[in-house]
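After the structure tokens below, expect a handful of questions from me.
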Amino acid sequence: MLKLQKNQWICDTCGEVINAASEGYVEWINEEVDGETQCRDFHIVHQKVFSPRKNEHGCYQHGEELGRSDLPLENFMGGIGIAQLLSFIDLGEIIDPDNEHDPRINNFREYAEIFRRLHLPFYEEARLYFEMAKKDGFFDGANEIWVYSELEEIVKRYGDKV
Ligand SMILES: [Zn+2]
């Protein structure tokens, strides 16, 4: 059983636990598409000094790739973290009063998943058990919100079976 604490994540690269927001980074690629920046390939990874691979290249996946971008995971926490995440889809009225900028996201499934992982309590661990819960019929009859209201229950019910 894993039992992630609040503000712990599974590194997308090495699969080990990121022990605190201060030990993580969020990385992605900025790409110019028709004159607008698009952001894709988001990962939650270890900051290099906390990486089990710190003596090699760390856990960053985008390496020297053109447009690689990253920020400390702490920048995505709390209210200002939500502002950070929302800025990818809308710069807001103060910065973009005429709504001239398109969302910087085109893969909304990927973006929503990163948002959930960063902000929904128990999501980061519960998602590991979704397949098991599906097979078990746990989600039968569920709607798109109920699924996320039962994350702690999923961890309790299926975490011990791993
Ligand atoms: Zn890692």
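Contour minus end-to-end for N106 and D41, with contour as 0.36 nm per residue of separation and end-to-end as the Cα-Cα distance?
22.3 nm
Compute the projected area of the convex hull of the Cα atoms of the stretch 52-148, averaged over all viewing directions, and report it in nm² to one decimal place.
That works out to 9.5 nm², a quarter of the Cα hull's surface.
Mind sorting L86, L128 by how few other Cβ atoms lie within 10 Å of their own Cβ, fewest first?
Neighbour counts put them in this order, fewest first: L86, L128.
Something else now. Between D136 and N55, what is the spin-label point distance in nm, taking each point 7 Å from the Cα along the Cα→C-beta axis?
Rounded to a tenth, the inter-label distance reads 4.0 nm.
Quote the relative contact order of the chain in percent (integer), defining contacts as alpha-carbon pairs under 8 Å separated by 6+ residues.
Here the relative contact order equals 22 percent.
Give the order of E144, E27, E56 when sorted by the count of other beta carbons within 10 angstrom, beginning with the fewest.
Least crowded to most crowded, the residues run E144, E56, E27.
Given K6/K134; K48/K135; K6/K161, which pairs have Cα atoms separated by over 32 Å?
Check vs 32 Å cut-off fails for K48/K135.
Once label points are set 7 Å from the Cα along Cα→Cβ at both L91 and E152, what is their separation, rounded to one decimal in nm?
4.1 nm
Calculate the length of the line joining the C-alpha centroid of the stretch 1-67 to that of the stretch 83-100, in whole Å.
Using only Cα atoms to place each centre, the spacing works out to 24 Å.
Would you list H43, H101 from fewest to most Cβ contacts within 10 Å?
H101, H43
Give, rounded to the nearest 20 debye, the magnitude of the charge dipole that the stretch 84-154 has about its Cα centre when Lys and Arg contribute +1 at Cβ and Asp and Glu contribute -1 at Cβ.
Roughly 300 debye for the stretch 84-154.
Among the aspartates and glutamates, select those whose C-alpha is under 16 Å from the C-alpha of K54, and discard any that sit fewer than 8 residues away in the same chain.
Within reach: D12, E16, E23.
With all pairs of different alpha carbon atoms counted, what Kirkwood hydrodynamic radius in Å does the chain show?
17.2 Å is the Kirkwood radius here.
Need one number: nm distance between label points at V33 and E144, each 7 Å from Cα along Cα→Cβ, rounded to one decimal.
About 2.0 nm separates the two model spin labels.
Read the figures in this text as sums done on the coordinates, not as results from a lab. Quantities reported herein were computed from a predicted structural model and do not represent experimental measurements. Neighbour counts run over all protein chains shown; Cβ positions are idealised from the backbone, glycine included.
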